[in-house]
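The values are calculated or read from the model by the stated rules, or taken from the named source; none is laboratory data. The structure displayed is predicted, hence computed values, not measured ones. Ideal geometry is used to build each Cβ from the backbone, glycine not excepted, and the neighbour counts take in all protein chains shown. Surface accessibility is based on the protein's heavy atoms, side chains included, excluding ligands, DNA and RNA. Shrake-Rupley method; radii C 1.70, N 1.55, O 1.52, S 1.80 Å.
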Amino acid sequence: LIFVFAAGIGSVYGQQTPSQIQPLVKDLYTADPSAHVFNGKIYIYPSHDVEADVPQDDEGGHFQMRDYHVYSMDKIGGKVTDHGMALDVKDVPWAEKQMWAPDAAYKNGTYYLYFPAKDKDGVFRIGVATSKSPAGPFKAEDKPIPGSYSIDPAVFTDTDGKSYMYLGGIWGGQLQRWHTGTYDKTLMMDLGKGHENEPALSAKVARMSGDMLTFDEPLRDVQILDENGNPLLAGDNSRRFFEGAWVHKYNGKYYFSYSTGDTHLLCYAEGSSPYGPFTYKGVIMNPVEGWTTHHSIVEFKGKWYLYYHDSELSGKTHLRNVKVRELQRDEKGSIKTITP
Ligand code: FUB
């Protein structure tokens with residue numbers, strides 16, 4: 001009786017009960033879900049985690065993914081269809097390994113899959129592959145996007161049709177190695193000790209060219225400011241950007257959301273332009289099971305959803321499973337913190 005009553009209250013307030021939040025895919029390990037609605041259906045573009053028996057390290061050497069699968073659903077809670085192999089690293093001429101968190105976009109009859117991978121010199125770059133179907137398979141371009149580096153591409157298309165790519169991740173994502181403008185492989189984790197009171201490293205953003213294959217301008221910093229208008233500092237580990245950027249627009253405002261990495265939070269900041277600056281607002285989700293946390297936020301049929309991952313199925317940080325749950329906001333548009 002108590003359970004029925006609790007479930008009833010939950011549904012009144014639109015909360016899902018734990019039993020309603022199941023891994024969406026159980027036969028493969030999936031992570032870093034970027035969701036989009038194409039042709040009235042939900043498509044999910046996740047990483048495909050595999051066991052490669054590489055010990056865990058601070059550079060993410062245990063994440064040795066080699067390919068992507070695309071999934072679709074007609075509705076939240078509906079059947080999840082695996083559309084099979086969408087892209088394999090062996091078919092990407094410039095890439096060697098570590099196909100990390102991807103994203104997708106659509107323009108003028110073509111679907112674009114954006115993905116990070118290490119090139120033959122061990123440097124992360126962002127690649128792009130195209131298809132006439134949102135489910136793929138995708139054909140990769142011969143070279144990475146010129147001027148691209150680091151990881152976790154996320155493409156946001158504004159209501160005026162212009163598209164922007166956000167990217168970056170510190171530590172294993174190598175963003176810090178580009179801090180001086182050229183690649184410095186001695187910068188391993190972050191800016192390092194003694195730099196805690198300097199502005200934190202920023203995600204990057206650039207508008208995409210009309211053909212969606214290149215940047216239309218140099219990458220620029222995505223600034224996150226505190227409540228006093230000052231940039232978040234490198235030592236502010238529970239608020240500063242680490243990886244996994246995502247942008248969505250709600251009631252005319254731009255929401256920049258991201259992972260804080262070593263403090264395992266999903267946070268967000270609000271701004272009035274896709275370039276920012278964004279003002280830090282709060283935590284979207286407290287830590288999940290597993291070291292990484294990574295998400296996307298998408299509207300479907302008038303409700304907003306958070307796609308994310310945890311390690312429920314395996315209990316291992318590098319073998320994750322994607323999930324979805326409804327996002328709640330207050331009347332001002334502030335996102336309510338979820339404790340998974
Ligand atoms: O999946 C590999 C990496 O882990 C992603 O690129 C990061 O965002 C983190 O989820």
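Just wondering, is there one or more residues in the range 272-281 that are in contact (Cβ under 8 Å) with a residue 60 or more places away in the chain, at positive phi and not hydroxyl-bearing (S, T, Y)? Spell out the reasoning first.
Restricting attention to the range 272-281, the residues satisfying the condition of being in contact (Cβ under 8 Å) with a residue 60 or more places away in the chain are 274-276.
Now restrict to residues that are at positive phi: 276.
After this cut, where a residue has to be not hydroxyl-bearing (S, T, Y) as well, the list is 276.
Yes; the residues of the range 272-281 include at least one that is in contact (Cβ under 8 Å) with a residue 60 or more places away in the chain, at positive phi and not hydroxyl-bearing (S, T, Y).
Scan the range 203-221 for residues that are surrounded by fewer than 21 Cβ atoms within 10 Å (Cβ to Cβ) and either out of contact with any Phe, Trp or Tyr (no Cβ under 6 Å at 6 or more places or on another chain) or β-branched (V, I, T) (or both) and report the count.
Summing the residues that are surrounded by fewer than 21 Cβ atoms within 10 Å (Cβ to Cβ) and either out of contact with any Phe, Trp or Tyr (no Cβ under 6 Å at 6 or more places or on another chain) or β-branched (V, I, T) (or both) in the range 203-221 gives 12.
Restricting the range 105-126 to residues that are under 16 Å from the mean Cα position of the chain (by Cα) and within 13 Å of K139 (Cα to Cα), which is nearest to the ligand (Cβ to nearest atom)?
F115
Mind checking whether some residue in the range 314-321 is in contact (Cβ under 8 Å) with a residue 24 or more places away in the chain, within 15 Å of the ligand (Cβ to nearest atom) and aliphatic (A, V, I, L, M)?
yes
Please find, within the range 42-56, the residue that is nearest to Y106 (Cα to Cα) out of those that are in contact (Cβ under 8 Å) with a residue 40 or more places away in the chain and away from the ligand (no atom under 13 Å from the Cβ).
Only one residue fits best here, namely Y43.
Out of Y166, Y149, report the one residue that is in a strand (DSSP E or B), of a type outside the set (G, A, S), within 22 Å of the chain's Cα centre (by Cα) and within 16 Å of the ligand (Cβ to nearest atom). Steps first, answer last, please.
Values: Y149 fails: in a strand (DSSP E or B).
After ruling out the rest, the residue left standing is Y166.
Read through the list (1) open to solvent by less than 20 Å² (accessible area, probe 1.4 Å); (2) closer than 22 Å to A154 by Cβ, then give the number of the only condition that I21 fails.
Among (1) open to solvent by less than 20 Å² (accessible area, probe 1.4 Å); (2) closer than 22 Å to A154 by Cβ, the lone unmet condition for I21 is (2).
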